[in-house]
Amino acid sequence: MKTGKVWLVGAGPGSISLLTIKAAEVLQKADVIIYDSLIGTEILSALPKTADYIYVGKRSGQHTMPQEEINLLLLKEAQKGRFVVRLKGGDPFLFGRGGEELELLKNNQIPFEIVPGITSPIAVPEYNG
């Protein structure tokens, strides 16, 4: 069975115009997009309709699924041979648990790529002048 690949992608601070070109390219190739609660509707509405979507958002005290299950979901989907995008608000590693996800992928020899995103603590003040 062919192993897929996982992209840990930062969606930036919410506006589609602040999504990186690389992030947009990767999203167009995705078989499955696993996304969090900080992804704006503007970005979600522009994503390909051919991908499967899995919401794993977390809000204070309300988690769709624990981080351990999200990690296993990434692994399972990649082991099916799928191209998986883990789409996170901001950057995958700042407040985003990307390190845990990356560690699991490395330990299981799953190919991966990181696509940084602009984090809102920097982008929002700059964008607003």
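Applying 1/(1 + (r/R0)^6) with r as the Cβ-Cβ distance of residue 122 and residue 46 and R0 = 25 angstrom yields a FRET efficiency of 0.60. Restriction of the trypsin sites (Lys or Arg not before Pro) in region 37-129 to DSSP coil positions whose beta-carbon has at most 11 other beta-carbons within 10 angstrom yields 49.
Of all the options 117, 99, 14, the one that moves most in a Gaussian network model of the chain with Cα springs shorter than 10 angstrom is 99. One way to sum up the overall shape of the chain is the equivalent ellipsoid from its Cα gyration tensor, whose semi-axes run 23, 16, 14 Å, largest first. For each pair in 5/106; 29/58; 5/29; 5/80; 29/106, compute the distance between the two Cα atoms and list the pairs where it is over 18 Å. Cα-Cα > 18 Å for 29/58; 29/106; rest within.
What you get for the chain, charging only the Cβ of Lys and Arg (+1) and of Asp and Glu (-1), is a dipole of about 300 debye around the Cα centre.
Here 16, 110 are placed in order of increasing Cβ neighbour count within 10 Å, fewest first, which gives 16, 110.
Quick note: the coordinates plus some simple rules give every number you see, no bench work behind them. What you are looking at is a predicted structure, and each value in this text was computed from that prediction instead of being measured. Reconstructed Cβ throughout: ideal geometry from the backbone, glycine too, with neighbour counts over all protein chains shown.
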